[in-house]
Amino acid sequence: MFFVNNGIYGMTGGQMAPTTLLGQKTTTSPLGRNALNEGFPIRVCEVLAALEAPVYLERVALGNPKQVQTARRAIRKALQNQVERKGFSLVEILSPCPTIWKMPPQEAQRHVREAMIAAFPPGVYRDRTAETEARPAAPPAPALDEIPRLLDIDAAIAPLRVATPSDVDLRIKVAGFGGQGVLMLGEVLAEAGLLLDLEVSWLPSYGPEMRSGTSHCHVRIGSKPIDSPLVAKPNVLLALNEPSLRKFLPTVEPGGTVVYNGTALPEDLHAPEGVHVLAMPCSELADGLGASKVGNIVMLGALLEATRCLPEEAVDQALATIVKSERWLALDREAIHLGWDEARKGACHAYC
């Protein structure tokens with residue numbers, strides 16, 4: 001690694017860098033770098049010298065011809081270490097930056113010799129080249145047919161040969177609170193599409209949403225290549241709580257389907273024209289099975305019954321692929337059938 005240290009972010013306009021000198025003015029430290037405000041410059045060679053792994057660390061400068069020759073030798077040595085597979089080498093190069101420093105070249109070189117070297121002393125900070133043996137060559141990459149075994153994937157799983165429409169275009173948004181199985185529900189849908197040999201993307205939302213805030217994921221399943229994993233205008237919305245319903249219901253396109261985890265739509269909320277909404281208390285139904293965590297799968301069953309968007313075989317095999325516990329897989333299968341049955345019986349409120 002060659003680290004060119006000119007104390008500035010020169011390619012982006014001259015902002016303060018981690019190695020900007022104390023007192024140095026930049027566009028982001030116009031009064032000069034202050035240790036009490038911006039902290040001290042970082043000495044990279046000294047920091048890396050505290051680690052065990054580096055084989056060779058040297059700081060050089062480009063302040064005059066003699067220093068340039070020293071830098072040349074250090075660069076050759078680092079490259080030779082790389083060729084001989086001896087491990088990690090780094091050469092830190094104190095370099096002038098006449099343009100951003102706003103100095104003539106001769107003055108910039110003098111600044112390297114005087115100010116830069118005073119802050120970053122040149123020298124060898126680690127050299128274990130002589131006693132370090134060459135690392136063995138990395139093993140060859142595994143053959144493609146070995147990857148399923150390495151990832152503990154059943155290579156025998158092949159696309160399901162069941163009838164699917166030739167023009168599938170499902171743009172699904174799943175949303176709810178963290179802990180309601182939002183991401184897992186999206187994963188089951190995506191896996192089912194994959195088993196049908198369709199084009200699939202699954203884009204989860206991470207961050208503070210995972211800690212009991214709102215969480216959502218985007219799922220696309222189609223018979224044509226997917227242009228973007230983002231779902232801005234879903235034609236399927238699975239809303240596991242009211243805040244998610246309020247946030248995403250207006251984005252559902254006409255002709256789309258919404259399944260809401262509730263007994264009825266809030267009185268002040270109306271579905272967009274042409275959007276079909278099913279309200280079903282999925283979490284309460286899951287409680288009846290003794291596991292409220294499978295409310296997301298109850299919702300999945302209701303969606304499949306209402307829309308017939310994916311065949312039962314694909315969803316069942318997707319569950320078996322993702323859920324490794326036999327107990328939870330049995331509960332999920334009960335939950336999905338419960339959702340089908342409730343939707344089939346019309347035990348939900350429908351809005352168009």
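The values are calculated or read from the model by the stated rules, or taken from the named source; none is laboratory data. Quantities reported herein were computed from a predicted structural model and do not represent experimental measurements. We place every Cβ from the backbone using ideal geometry, glycine too, and count neighbours over all the protein chains shown. When the accessible area is computed, the model is the full protein with side chains, heavy atoms only, and any ligands, DNA or RNA have been set aside. Shrake-Rupley method; radii C 1.70, N 1.55, O 1.52, S 1.80 Å.
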Handout entry: Qualifying residue in region 11-28 (condition: crowded, with 19+ Cβ neighbours inside 10 Å, closer than 11 Å to Cys97 by Cβ and touching an Asp or Glu at 6+ places or on another chain (Cβ under 7 Å))
Key = no
Problem - Residue under evaluation Asn81, criteria (1) more than 22 Å from Pro18 (Cα to Cα); (2) open to solvent by 20 Å² or more (accessible area, probe 1.4 Å), criterion not met - result: (2)
Completion exercise
Of all helices (runs of 4 or more DSSP H) fully inside region 265-352, the set with 1 or more residues that are touching a Lys or Arg at 6+ places or on another chain (Cβ under 9 Å), among the aromatic types (Phe, Trp, Tyr) and at negative phi is 326-345
Practice task
Would you confirm whether any residue within region 240-259 is charged (D, E, K, R) and under 24 Å from the mean Cα position of the chain (by Cα)?
Solution key: yes
Handout entry: Every residue from region 312-352 that is closer than 23 Å to Leu198 by Cβ and open to solvent by 30 Å² or more (accessible area, probe 1.4 Å)
Key = Glu312, Glu313, Asp316, Gln317, Ala320, Thr321, Ile322, Arg333
Problem - Qualifying residue in region 254-277 (condition: under 30 Å from Asp197 (Cβ atoms), open to solvent by 40 Å² or more (accessible area, probe 1.4 Å), among the hydrophobic types (A, V, I, L, M, F, W, C) and touching a strand residue (DSSP E or B) at 6+ places or on another chain (Cβ under 6 Å)) - result: no
Practice task
Could you tell me whether region 299-312 includes any residue that is among the basic types (Lys, Arg) and farther than 16 Å from Arg344 by Cβ?
Solution key: no
Problem - Matching residues, region 63-84, being charged (D, E, K, R) and in a helix (DSSP H, G or I) - result: Lys66, Arg72, Arg73, Arg76, Lys77
Problem - Residue match in region 289-307 (condition: surrounded by fewer than 14 Cβ atoms within 10 Å (Cβ to Cβ), at pLDDT 90 or above and not polar (S, T, N, Q)) - result: no
Completion exercise
Ala35 vs (1) in contact with a Leu (Cβ under 9 Å, 6 or more places away or on another chain); (2) closer than 18 Å to Arg128 by Cα: all pass except (2)
Practice task
For Glu58, indicate whether it is buried (at least 20 other Cβ atoms within 10 Å of the Cβ), acidic (Asp, Glu), under 36 Å from the mean Cα position of the chain (by Cα) and closer than 13 Å to Gly7 by Cα.
Solution key: no
Handout entry: Residue selected from region 223-240 under the condition of a type outside the set (A, V, I, L, M, F, W, C) and open to solvent by 10 Å² or more (accessible area, probe 1.4 Å), by the criterion nearest to Glu284 (Cα to Cα)
Key = Asn235
